[in-house]
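Written out below as structure tokens is the structure these notes cover.
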Amino acid sequence: MDARLNYFGNALAAKVLKHINSANRVLSDSTLPHTTQELVKIRASQINGCGFCTDMHTKDAAHAGETAQRLHLVAAWREATVFTDAERAALELAEQGTRTADAAGGVSDEVWANAAKHFDEDQLAALISLIAVINAYNRINVINQAPAGGYQPGQFG
């Protein structure tokens, strides 16, 4: 399988990615726990059917020490006992924030309140932004049919 367009080799796309990547670096440097960030990226990527990002973020998380058990259970986090309450709140916010077209009301007040119990204002801002950024990456890769499986941890810096 080949991507429809050499997105990484296209000058216009490179300019767009430069800005998205800059936003992602700000989020990586935020106080939102790195583990939570990877879990959110994985879950949004699963929902969006983005194999490229699912491959990348599961490998990055494993490389950073995440357990195989937790990685295997991200898609079934509601039934899994291996996630903290804060991680569960972030995963639920990520799901509702990713599925906005499926839910007429967007993110519910209950889901927001639960996330606000676990994260301070800067972390909530990072979480909202992270959900937006990973959804942007997912859409680029899904539309372009970016193939999954070949990513190596740290490949993009």
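The values are calculated or read from the model by the stated rules, or taken from the named source; none is laboratory data. Keep in mind the model is a prediction, meaning the values are calculated, not measured. All Cβ positions, even for glycine, are placed from backbone atoms using ideal geometry, and neighbour counts span all protein chains on display. When the accessible area is computed, the model is the full protein with side chains, heavy atoms only, and any ligands, DNA or RNA have been set aside. Shrake-Rupley method; radii C 1.70, N 1.55, O 1.52, S 1.80 Å.
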Checklist line | Distance from the range 26-57 to the range 91-157 (C-alpha centre basis), Å | finding: 7
Check: Share of the chain's accessible area from carbon and sulfur, percent, 1.4 Å?
Finding: 54
Note to self: Keeping every protein chain present and rolling a 1.4 Å probe, give me the accessible area per residue for the chain in Å².
What the structure shows: 54
Item checked: Karplus 3J(HN,Hα) series, Hz, for the range 50-66 with 6.51 cos²θ - 1.76 cosθ + 1.60 (x for Gly, Pro) -> 9, x, 4, 6, 4, 4, 4, 7, 6, 5, 4, 5, 4, 4, 7, x, 5
Checklist line | ³J(HN,Hα) computed for each position of the range 31-44 - Karplus, 6.51 cos²θ - 1.76 cosθ + 1.60, integer Hz, glycine/proline x | finding: 7, 5, x, 4, 4, 4, 4, 5, 4, 5, 4, 5, 5, 4
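In what sequence, highest mean first, do 55-62, 34-41, 8-15 appear when ranked by Cβ atoms within 10 angstrom?
Values: 55-62: 20.9, 34-41: 22.5, 8-15: 10.4.
Highest to lowest by the protection proxy: 34-41, 55-62, 8-15.
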Next item on the list: Might you report the magnitude of the Cβ-based charge dipole of the chain about its Cα centre, with Lys and Arg at +1 and Asp and Glu at -1, to the nearest 20 debye?
Entry: 600
Item checked: the chain - mean residue ellipticity at 222 nm from DSSP helices (-39,500 (n - 2.57) per run, n ≥ 4, rounded to 500) -> -20500 deg cm²/dmol
